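The values are calculated or read from the model by the stated rules, or taken from the named source; none is laboratory data. Predicted, not measured: the structure shown is a model, and the values here were computed from it. Glycine also receives a Cβ, built like all others from the backbone with ideal geometry; neighbour counts cover every protein chain displayed.
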Amino acid sequence: MGPRIFFQYPYNATTESAPSGEISYTITNAAPAISAIADQTINKNLSTGPIAFTVQDAETAASSLVVQASSGNTTLLPNNRITLGGSGTSRTITLTPAANQSGSATISITADDGATITTRSFLLTVTGLNNAPTVTAPASLVLPKETSVPVSGISLSDADVNTANYTLTLQANFGRIQVATGLTGE
């Protein structure tokens, strides 16, 4: 219940009848409103771009509302990677998750008019897009006919996989390739 305001009026017993009771008024403050924001899905290492939403309040100018946002999973989306933009009733939020992270986070937006706070939430899902493995190899080799040369310096890596389960395909434009057994890898 909001604050109560009481009014007092002087009473003159010689000229007026007895007062019948007190009059009270209750003043209420309408909470700010935040428009709905659809759940968002992006690939890792990308940003959402600006997502539009609106804020408004019956008693307070939209430009005077304090609008803030926070992440429910700060490993995926640290709060300092949430950017609010816009002004008045037209606002935006841009989400830039941490590098190489995937998962979900509940994003909460609040609007405060100084008396009441409204919260609106939506879900951000960051998918673990599979990056291609990288191959490091020596430069092309040109050999005379019927000769052989050992080749070293070939390495493979994959940011998405922590094991060495790779398939390497070698190809010769002319002639043949013979691969020694007992290869090791890291």
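General remarks:
- Residues considered: SER108, SER70, SER47, SER104. Of these, the only one that is within 24 Å of THR127 (Cα to Cα), among the hydroxyl-bearing types (Ser, Thr, Tyr) and in contact with a Lys or Arg (Cβ under 8 Å, 6 or more places away or on another chain) is SER108.
- Close pairs from the range 26-40: first on the phi < 0 side of the Ramachandran plot, partner assigned to a loop (DSSP other than H, G, I, E, B) and at pLDDT below 85, Cβ under 7 Å, at least 6 apart: THR26/MET1; THR26/GLY2; ILE27/GLY2; ILE27/PRO3; THR28/GLY2; ASN29/GLY2
- Test: ASN79 is in contact with a strand residue (DSSP E or B) (Cβ under 6 Å, 6 or more places away or on another chain) and more than 18 Å from ALA36 (Cβ to Cβ): yes
- Among the residues making up the range 36-50, those that are exposed (fewer than 14 other Cβ atoms within 10 Å of the Cβ) and of a type in the set (S, T, N, Q) are THR41, ASN43, SER47.
- The set of residues in the range 73-89 being polar (S, T, N, Q), surrounded by 13 or more Cβ atoms within 10 Å (Cβ to Cβ) and closer than 22 Å to ALA52 by Cβ consists of THR83, THR89.
- Subset of the range 111-154 [in contact with an Asp or Glu (Cβ under 6 Å, 6 or more places away or on another chain), under 29 Å from SER71 (Cβ atoms) and surrounded by 13 or more Cβ atoms within 10 Å (Cβ to Cβ)]: ASP113, PHE122, LEU123, ASN131
- Subset of the range 51-60 [exposed (fewer than 14 other Cβ atoms within 10 Å of the Cβ) and modelled with pLDDT of 95 or more]: ALA52
- Any hit, the range 95-116, residues being without any contact (Cβ under 8 Å) to a residue 24 or more places away in the chain and touching a strand residue (DSSP E or B) at 6+ places or on another chain (Cβ under 6 Å): no
Every residue, every condition in (1) at pLDDT below 70; (2) touching a Ser or Thr at 6+ places or on another chain (Cβ under 7 Å); (3) over 28 Å from ALA99 (Cβ atoms), yes or no:
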position: GLY128; (1), (2), (3): no, yes, no
position: PRO133; (1), (2), (3): no, yes, no
position: LEU143; (1), (2), (3): no, no, yes
position: SER155; (1), (2), (3): no, yes, no
position: ALA159; (1), (2), (3): yes, no, no
position: THR169; (1), (2), (3): no, no, yes
position: LEU183; (1), (2), (3): yes, no, yes
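- The set of residues in the range 1-41 being in contact with a Ser or Thr (Cβ under 9 Å, 6 or more places away or on another chain), closer than 26 Å to THR110 by Cα and either modelled with pLDDT under 95 or part of a loop (DSSP other than H, G, I, E, B) (or both) consists of MET1, GLY2, PRO3, ASN29, ALA30, ALA31, PRO32, SER35, ILE37, ASP39.
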